[in-house]
Amino acid sequence: MALLHVENLGIHFGPPEDPVRAVDGISFEMAAGETMALVGESGSGKSVTALALTRLLASPPARYVSGRIEFEGRDVLRLPERELRALRGSGIAYVFQEPSSSLNPVFTIGYQIREAIDLHRPEIRDVTGEIVRALDTVGIREPEKRLNDYPHQLSGGMQQRVMIAMALACRPRLLVADEPTTALDVTIQKQIMDLLKALKQQSNMAILLITHNFGLVADFADRVLVMFQGRIVESGPTAEVLRNPQHLYTRALIECVPKLGQKQRRLKVIDYAGIN
Amino acid sequence: MNQTNFVHESYAQRIWRRFRAEPFARNGLWTILVLFAVAALAPFLANSHAIIRVADGRVTFPIFPSLEPIEWRFLLYVPLAGLAWLFRRRLFARPLGGATFLLALVILIEVWLVFHHVVNDPTNDRDRPAAFKLMPLVPFSPVETASEPFLPPSWTHPCGTDSTGRDIAARMLHGARTSLSIGFVAQSIALSIGVTLGSLAGYYRSWPDIAICRLIEIMDCFPPLLLILVAVSLFESQNNMFYIMAVIGLTTWTGMARLVRGEFLRLSGLPFTLAAQAIGAGDLRVIVRHILPNALGPILVAGTFGVASTILLESSLSFLGFGMQAPTPSWGDILGESRLYIDFAWWLAFFPGLAILITIMSYNFVGEGLRDAVDPRLRIK
């Protein structure tokens, strides 16, 4: 059985007479433990899709106009508030784009991880030990000391590691990483991606990586979905899509990534007129 | 990186440490505490009765029979609370036992107060001969005609006397209770209403926001002083401090509500709110545990400034003759009286004005100190 099953999902914003179709009838499936990438440019509906998975997108302003989202057989869009809260974190956990503003500035990182554990794993006795382990897992050195640090005392890469530790502390079945490296510089980007890769190998957690960068996708995801203007225009095993892109937009996106050893004066600019 | 990182420090401890590091804030807080102590101990600082009197071989404590129930409560409950805190470990070793013991004590005190009669002895101990007597610092009651009217400050009357010959120093000491407690309680009422409504409006937006904002606008259509005057005159002959507290609190919360709403609008749009929701935190938890602490700085600052302006508001009410009714003293009341005699009796305006100035300044210093202390991003020490 699929872990996640999205069918004909439609999410609109704005007036019903003339809606903005942020997500326009998309369908996909994810199996347990699978890593999948959702690729597309800004405004293509990636993040809206990600947030919709646990109904994090407030309605209003968003309207869930059609389709269904099934997580482990349960219909998320019709789940009562209480079960939805239980699902958030322990079923599907998130890592967001901006680590510096995703952490609450007035609490220590230890406190924030503790909250995640308290909410979803109340059976744990030695919470502090668990927090230390969580920080250790994401490669933070001397976690016992860092515990009492405030977010502003950490670098961006460290903050993102803390966000990942917080997400993992809930032991989710699906981790949604919504552009986890966009706000970080390239070396840190690589470290974070390596960390996610290592975590993927350690646990049976499914990962949905959302990005606009095809370069990140190649050696990370088993499968890839390409989104464009609220629709999925192409999907398939990563290697295949990269080798033989069918859709013009996918081809254009792949060409946007500069390649090593290839002399190119300018990067290609996507020609929207040709695609539509 | 220094060694202090090893020591765990809670949010409150850190605020306190940073707050103490600021001399203005620290001294402001001390001033306020001293003022509250003066207000609490007013009957022992200014009274026409002696604290201890030895005459005819008998030792008496003439002050105590004249104490009101509320003063008894204060005298008994504050030390009781202190002792309970001091012995909290032993007292609550068996939670039920400690609580029952305290409850029994409170019931005992309350029952005793019901049967306790306040004796209002119009005589004073100043002129009455005795073998030994310990008079309060200011040996006058705030309501008695002690001397000639309009005596300028002297050794007997350090702040002079008013138009009916009452001692201003005694009235100031007792008036501190009215002004300080009205400022504090009324602002607490305004704060709780403002924070609750403001956070609901700012967090939920859409229709709760619309409803609350319209309510705020309706309230703001009327100047608060006018609203208070109407409310006070509707229930005139009410010389009850709690009544004035409630009226002021219920009419001055709009500014706080607006401020909190704005803070919540800003903060609930930030990613950490979404992150909190994404780990499964419910609305109440997000509001109280995640957003409110971030808004605490401006709320505390506005709250302390609010106390200051509430004290001013109470003073203007008394000045206009709608506050606490005579003979209950309050700073505004003394100030209000002064306006008729300002051309020759400067001390009538000077001392209550000074007291109000010092109080308000102290509150403002504390407010500013708190603002700096609650913000972890400001790096002071």
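The values are calculated or read from the model by the stated rules, or taken from the named source; none is laboratory data. All values derive from a computational prediction rather than experimental measurement. Cβ sites come from the backbone with ideal geometry, for glycine too, and all protein chains shown count toward neighbours. The accessibility values were calculated without ligands, DNA or RNA, using every heavy atom of the protein model including side chains. Shrake-Rupley method; radii C 1.70, N 1.55, O 1.52, S 1.80 Å.
Working from Cα positions, state the angle (0 to 90°, nearest 10) between the long axis of helix B:23-40 and the longest principal axis of chain B.
Helix B:23-40 sits at roughly 50 degrees to that axis.
Over the stretch A:178-274, what percent of the accessible surface lies on carbon and sulfur atoms, probe 1.4 Å?
Working: 2850 of 5510 Å².
Carbon plus sulfur share of accessible area: 52 percent.
What accessible area per residue, rounded to a whole number of Å², is obtained for the stretch A:130-276 using a probe radius of 1.4 Å?
50 Å²
Based on the alpha-carbon gyration tensor of the stretch A:1-112, what equivalent-ellipsoid semi-axes (square roots of 5 times the eigenvalues) come out, in whole Å, largest first?
On the way: eigenvalues 111, 72, 46 Å².
Each semi-axis is √(5λ); the values are 24, 19, 15 Å.
Which order do the peptides B:17-26, A:222-231, B:131-140 take when ranked by the mean count of other beta-carbon atoms within 10 Å per residue, highest first?
So the peptides B:17-26, A:222-231, B:131-140, ranked by packing, come out A:222-231, B:131-140, B:17-26.
Report, to the nearest whole %, how much of the accessible area of chain B belongs to carbon and sulfur atoms, 1.4 Å probe, protein only. Don't skip to the end; give the middle numbers.
Details: 13900 of 19860 Å².
That share works out to 70 percent.
For the stretch B:15-143, rounded, prolate or oblate, judged on the Cα gyration tensor with a ≥ b ≥ c (square roots of eigenvalues), a/c < 1.5 rounded, else prolate if a/b > b/c?
Oblate is the answer for the stretch B:15-143, as a/c is 1.5 or above yet b/c matches or exceeds a/b.
Could you give the size of the charge dipole of the stretch A:150-243 about its Cα centre, using +1 on the Cβ of each K and R and -1 on the Cβ of each D and E, expressed in debye and rounded to the nearest 20?
260 debye
At residue A:29 and residue B:44, where each label point lies 7 Å from the Cα along Cα→Cβ, what is the point-to-point distance in nanometres?
Label at residue A:29, label at residue B:44, 8.1 nm between them.
Which aspartates and glutamates have a Cα less than 18 Å from the Cα of residue A:200, not counting those fewer than 8 places away in the same chain?
Candidates past the 8-residue exclusion: A:34, A:136, A:178, A:179, A:219, A:222.
Residue B:156 to residue B:75: extension gain in nm, 0.36 nm per residue of separation minus the Cα-Cα distance?
26.3 nm
On average over all directions, what projected area in square nanometres does the stretch B:155-288 have, based on the convex hull of its Cα atoms?
For the Cα atoms of the stretch B:155-288, the hull's average projected area reads 12.0 nm².
Taking Cα atoms, how many degrees apart are the long axis of helix B:95-115 and the longest axis of chain B, rounded to 10 and kept between 0 and 90?
Its long axis makes an angle of about 40 degrees.
Compute the FRET efficiency between residue B:24 and residue A:133 as 1/(1 + (r/R0)^6), taking r as their Cβ-Cβ distance and R0 = 51 Å, and round to the nearest 0.05.
0.70
FRET efficiency for residue B:316 and residue A:2, Cβ-Cβ distance as r, R0 = 56 Å, nearest 0.05? Could you put the intermediate results ahead of the total?
Values: r = 70 Å, r/R0 = 1.25.
Computed FRET efficiency for residue B:316 and residue A:2: 0.20.
Note the angle between two axes, namely the Cα long axis of helix B:254-268 and the longest principal axis of the Cα atoms of chain B, as a number of degrees from 0 to 90, rounded to the nearest 10.
Long axis of B:254-268 versus the principal axis of chain B: about 30 degrees.
Apply the a/c threshold of 1.5 to the C-alpha gyration tensor of the stretch B:79-234 and tell me whether it is rounded, prolate or oblate. Intermediate results must be reported in sequence, preceding the final value.
Values: a/c = 2.98, a/b = 1.31, b/c = 2.27.
In terms of gyration-tensor shape, oblate.
Could I have the simple spin-label model distance between residue B:184 and residue B:101, label points 7 Å from Cα toward Cβ, reported in nm to one decimal?
Reported label-point gap for residue B:184 and residue B:101 is 2.7 nm.
Out of the stretch A:114-177, which GluC sites (Glu not before Pro) are coil in DSSP terms and have no more than 14 other C-beta atoms within 10 Å?
A:123
Calculate the dipole size of the protein assembly as shown relative to its Cα centre from +1 charges on Lys and Arg beta carbons and -1 charges on Asp and Glu beta carbons; express the result in debye to the nearest 20.
1760 debye
Mind grabbing the interface size between A and B? I mean buried accessible area, both sides, 1.4 Å probe, in Å² to the nearest hundred. It would help to have the intermediate numbers written out before the result.
Details: alone 13870 and 21150 Å², together 32440 Å².
That pair of chains buries around 2600 Å² in total.
Looking at the stretch A:64-107, which residues lose a minimum of 20 Å² of accessible area between their chain alone and all protein chains in place, measuring with a 1.4 Å probe and not counting ligands or nucleic acids?
When all protein chains are present, A:85, A:88, A:96, A:101, A:102, A:104, A:105, A:106, A:107 each give up 20 Å² or more of accessible surface.
What does the C-alpha gyration tensor say about the overall shape of chain A? Classify as rounded when a/c is under 1.5, otherwise prolate if a/b is larger than b/c, or oblate.
Because a/c hits 1.5 or more and a/b fails to exceed b/c, chain A counts as oblate.
Once you have the Cα-Cα distance between residue B:342 and residue B:215, take 0.36 nm times their residue separation minus that, and quote the gain in nm to one decimal.
Length gained between residue B:342 and residue B:215: 41.5 nm.
How high is the relative contact order of chain B, in percent, with contacts defined as C-alpha pairs under 8 Å that are six or more residues apart?
22 percent
With r as the distance between the Cβ atoms of residue A:269 and residue A:204 and R0 = 45 Å, compute the FRET efficiency 1/(1 + (r/R0)^6) and round to 0.05. Working shown, then result.
Details: r = 41 Å, r/R0 = 0.91.
It comes to 0.65.
Sticking with the crude label model, points 7 Å out along Cα→Cβ, report the distance from residue A:239 to residue B:33 in nm, one decimal please.
Here the modelled spin labels are 7.2 nm apart.
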